[in-house]
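Working notes for the structure below.
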Amino acid sequence: MYKSTRRRCNGSYIEVGNITNLTMKYRSRTDIVTQILEAATGGATKTKIMYKAYLSYAQLKEYLSVLLENDLLEYEEGRKIYRTSIKGVRFLKTYEQIGDMIASGPDVEKTLKK
């Protein structure tokens, strides 16, 4: 449900929305990993990754640890920047290809035979 009210701001009225009953879809761990890797492409701080992947700090620490251990992320000590590794980029490409195959429906068999 979306409710809207008018508020006076600097001499004019603006619409201020109040969003209620919005539900967030549950994400799989793979979806979360993908969002983290996409956020870290080109380099990103913990804060930037946290906000782009919609994670709490505690969740982020857990995921970063696993991704670093599995060489999907690299960490630049001096700059405190996380960057998606070559292995991480391969993961993203594979994830995208699988998504494309699922979305294509009956044409999956043709894609798999290639």
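The values are calculated or read from the model by the stated rules, or taken from the named source; none is laboratory data. From a predicted model like this one, the values you see are computed outputs, not experimental measurements. Every residue, glycine as well, gets a Cβ built from its backbone with ideal geometry; the counts of neighbours run over all protein chains shown.
Here are a few things to note about the model shown:
- Members of region 70-98 that are within 15 Å of the chain's Cα centre (by Cα) and either in a loop (DSSP other than H, G, I, E, B) or not aliphatic (A, V, I, L, M) (or both): Leu72, Tyr82, Arg83, Thr84, Gly88, Phe91, Lys93, Tyr95, Glu96
- Of residues in region 22-40 being at pLDDT below 95 and among the hydrophobic types (A, V, I, L, M, F, W, C), the one nearest to Lys87 (Cα to Cα): Met24
- If you go through region 44-74 and keep only what is under 12 Å from Ile32 (Cβ atoms) and surrounded by fewer than 17 Cβ atoms within 10 Å (Cβ to Cβ), you end up with Lys52, Tyr54, Ser56, Gln59, Glu62, Val66.
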